Amino acid sequence: EAFPDIELNYQVSTKEAEWEEPVQVQVLLERKSTGNPHNVQSQCFPGQKSEVWWLCVGDTESNELLAIKRVNLLQKTKSLLEFSAPPRNGKHTLTLYFMCDSYLGADQEYTFELECTEGAGGSDGDGPEDMQE
């Protein structure tokens, strides 16, 4: 069986975060297929080619990539992605992407929501509105 069948489960550390607060996504990946990940079966790759997998978290509304990580997957692996919560108030719909460089149709995507608030400290003093003349 050449085409990879990968099961993905994930858990987000929080549903609410203050601006720029670290948010973690724990991902569990498990290969259900029996193919050899070190030998991609494709006419596009006539030589030896291994699968390469990527986990990403993105905000499609603002067109921002928040986290990216290369993952080595033989049979089963856990991976942790960490990113800073967007510095904008409100509910953000973020997307977890699991992508392969070797097979069309193997990519997966999952959406989750994160509520962001400015927090008690207010502004961090680094923005243009905080500059003094």
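Filter the range 20-49 for residues that are in contact with a strand residue (DSSP E or B) (Cβ under 6 Å, 6 or more places away or on another chain) and under 30 Å from Gly119 (Cα atoms); which is modelled with the lowest pLDDT? That would be Glu20. Considering the range 4-19, and only residues there that are surrounded by fewer than 13 Cβ atoms within 10 Å (Cβ to Cβ) and under 20 Å from Ala106 (Cβ atoms), the residue that is modelled with the lowest pLDDT turns out to be Asp5. Do we have any residue at all in the range 45-53 that's open to solvent by 90 Å² or more (accessible area, probe 1.4 Å), in a loop (DSSP other than H, G, I, E, B) and of a type in the set (A, V, I, L, M)? For the range 45-53, residues open to solvent by 90 Å² or more (accessible area, probe 1.4 Å), in a loop (DSSP other than H, G, I, E, B) and of a type in the set (A, V, I, L, M): absent. From the list Leu94, Leu66, the lone residue that is open to solvent by 20 Å² or more (accessible area, probe 1.4 Å), part of a strand (DSSP E or B) and either without any contact (Cβ under 8 Å) to a residue 60 or more places away in the chain or not polar (S, T, N, Q) (or both) is Leu66. Could you list, in sequence order, all residues of the range 69-91 that are in a loop (DSSP other than H, G, I, E, B), open to solvent by 40 Å² or more (accessible area, probe 1.4 Å) and either charged (D, E, K, R) or touching a Cys at 6+ places or on another chain (Cβ under 8 Å) (or both)? Within the range 69-91, Pro87, Arg88, Asn89 qualify. Within the option set Glu61, Glu113, Glu129, Glu133, being open to solvent by 90 Å² or more (accessible area, probe 1.4 Å), at pLDDT 85 or above and not in a strand (DSSP E or B) holds for one residue only, Glu61.
The values are calculated or read from the model by the stated rules, or taken from the named source; none is laboratory data. As the structure is a prediction and not an experimental result, all values here were calculated from the model. All Cβ positions, glycine included, derive from the backbone under ideal geometry; neighbour counts span all protein chains shown. All accessible areas refer to the heavy atoms of the entire protein, side chains included, with ligands and DNA or RNA removed. Shrake-Rupley method; radii C 1.70, N 1.55, O 1.52, S 1.80 Å.
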